[in-house]
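Just so it is clear, none of the values below were taken in a lab; they were calculated from the coordinates. Keep in mind that this is a model prediction, so the values were computed, not measured. We place every Cβ from the backbone using ideal geometry, glycine too, and count neighbours over all the protein chains shown.
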Amino acid sequence: MTDSIGSFHPQVVHFAIVLLVMGVVFRWLSLTGRLAFAGPAASVLLLFGTASVVAAAYTGIEAHGPVERVPGSRDAVVEHEDWGIRARNVFIGVAGLEILALVLASRRKAAHLLSGVVGLVGLFMLYEAAEHGGELVYSYAGGVGIRSGEPEDVTRLLLAGLYHQAQLDRKEGRSAEAARLVDEMTRRFPDDLDVQMLSAESLLLDQKDAEGALLALDRISVPQDIRRLVSRHGVLRADALLAAGQAAEARTVLEELLARYPDNRTAKERLSALPAP
């Protein structure tokens, strides 16, 4: 999708939403007769917003091909697209009313009132399009990883999917499946420090192999200037030592970590949970 106009859909659609919402709001404010600037502002916002929603619908149609080919996503794509087209059509009507009001002064008040009413209908349809678009992106990963067409994005999508499924499998007691997915992450991303940490964690939590986890942690070269990694490595080591029956050594690791980072809440909690020496 790198060279496709569809890749611009996320940017364009946000302009359309903001412009049209503000346009309808200003149109209703103008009908009160209390804000002189509200009428002209509404016209400008609604005309530009309509142009944006037309562009949003066009770019969305251009973008839907690769997304709807993902198994299970077609119905969500079609529903989002249908609401987007409805919203576009309604706001084209609103733009027509705004132009009519500019051309025919005698019909201006009626056209503005009708524009406000139809605009509310359009906002409902715009909301539905946005709601279904959010569902498509966040529930079906629509466009995630493929929007740019860059292989690195697809790779990150795969890594995220493996991670979240492994976490879900572990939470639901499917330890073997979780371990298998972490192994696949490790195979595909062997140089990623976070994945190396996940591999050691999986040995400890999914395979109940504390000694194996300690060996895996020994092989990880942690940059000492990255607090997040140093802390995670230390806490994991303490957990593995405790599981291996080495509570005293676990206490030492946590105390050293707290000496370096006194505000490390996780280390404090682990240390307080250790049995008394």
What is the helix-to-structure angle for 108-140, meaning the angle in degrees between its Cα long axis and the longest Cα principal axis of the chain, kept from 0 to 90 and rounded to the nearest 10?
20
I'd like the projected area of the stretch 185-273, averaged over all directions, using the convex hull of its alpha carbons. Report it in nm² with one decimal.
5.5
Could you give the dipole magnitude of the stretch 101-154 about its Cα centre, charging the beta-carbon of Lys and Arg +1 and that of Asp and Glu -1, in debye to the nearest 20?
760
Amide H contacts under 5 Å for D209, placed H, 5+ residues apart:
L204
Roughly how tilted is helix 175-188, in degrees to the nearest 10 and between 0 and 90, from the longest Cα axis of the chain?
80
Go through [x] -0.24, -1.35; [y] -0.28, -1.42; [z] -0.47, -1.17 and flag the label whose value is the computed log10 I(q)/I(0) by the Debye sum over Cα atoms at q = 0.07, 0.17 Å⁻¹ for this structure.
[z]
Sites Y127 and D194 - FRET efficiency at Förster radius 35 Å, r taken between beta-carbons, to 0.05:
0.40
Report, largest value first, the span of the C-alpha coordinates of the stretch 1-110 along each principal axis, in whole Å.
53, 21, 21
Running a GNM on the chain with Cα contacts under 10 Å, which residue among E256, E81, E177 ends up with the highest mean-square fluctuation?
E256
Tilt relative to the chain, helix 193-205 - C-alpha long axis, 0 to 90 degrees, to 10:
60
Once you have all Cα-Cα distances for the stretch 74-132, histogram them in 5 Å bins from zero and send the whole-percent values.
4, 22, 23, 17, 13, 9, 6, 4, 2, 0
What does the charge count around R88 come to, taking other residues whose C-beta lies under 13 Å from its C-beta (Lys +1, Arg +1, Asp -1, Glu -1)?
-2
Which of the peptides 223-236, 240-253 is most tightly packed, and how do the rest follow, going by the mean number of other Cβ atoms within 10 Å of each residue?
240-253, 223-236
Which value in nm describes the separation of the simple spin-label points at K268 and F37, placed 7 Å from the Cα toward the beta carbon?
4.9
So if we plug the beta-carbon distance of E249 and A160 into 1/(1 + (r/R0)^6) with R0 = 35 Å, what FRET efficiency do we get, rounded to 0.05?
0.50
Need the C-alpha centroid separation for the stretch 209-277 versus the stretch 17-35, integer Å.
58
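Rounded to the nearest 500, what is the 222 nm mean residue ellipticity of the chain from helices alone, with -39500 (n - 2.57) per DSSP H run of 4+ residues and division by all residues?
The per-residue figure over the chain is -26500 deg cm²/dmol.
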